[in-house]
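Read the structure below first, then the notes.
Each reported figure results from applying straightforward, stated rules to the coordinates on display, with no laboratory input. These numbers were taken from a predicted model, which means no experiment stands behind them. Note that we place each Cβ from the backbone using ideal geometry, even for glycine, and neighbour counts take in every protein chain shown.
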Amino acid sequence: FPYINPIHKVANYICKISEDSDESASMLEFMSKLREKLEHNVAIHHKMECKRIDKYIKTKDESNFLVVGKVLVQRNSNILSNWKIADVRDKDEGLVEVSIFCPRSVIKGQCNIEEEDDDDMNGFKVLTTCKLEDLSISNVDIFINFHGGGFVLLNSQDAFGSKFGSLLKIRMEETSECPQFVMLSVDYRLAPEHPFPAPVIDGLSVAD
């Protein structure tokens, strides 16, 4: 991807811009346009990967299928309290959004799974947003993904499908059954709207 290398330069530049800087408004406008373009491309790739993975799962169990969606995790703004960071700057105790990929068979809790309305998804299954603990996922491996973008770009769907698909394919070659594992991708907050260490706090809150 030709945009990957400049991302770190952009991120480094943004981190140096203070909130009251004259450059803030123009940078936010630039970031908004750049994010919109990148996330459109990510969404298209994400759908393609979802359909491919759904086919993988059904080769092992025709009654099983891929579930994608969003789950919520409580943010812990005090998780860095023991770290030697002079200014944490984050007091938001809200919820962190996390994208989830898993076979339906690993979800034991009460949840609402609906058909995706998008024709391109061919009846894809989408999990209605809920809290992670409501899914009662236990005794399965959990992989946590932190997407790329230098803490300023992209979202939790970036390269998510390809990573999950690769792991699933490896597991499927090792067993005669559909692998039982979950992959979570953290939709951590992005700079400059949410300065460091906001994304770190989100990531650690989910891992915790």
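Annotations for the structure displayed:
- Pairs from Lys37/Lys108; Lys33/Lys58; Lys108/Lys163 whose Cα-Cα separation, in the structure shown, is over 29 Å: Lys37/Lys108; Lys33/Lys58
- Contour minus Cα-Cα distance for Asn139 and Ser166 (0.36 nm per residue): 7.6 nm
- Once both labels are positioned 7 Å from their Cα atoms along Cα-to-Cβ, the gap between Ile113 and Ser63 label points is 1.2 nm.
- Extension gain, Ala43-Thr175: 0.36 nm per intervening residue step, less the Cα-Cα distance, totals 44.4 nm.
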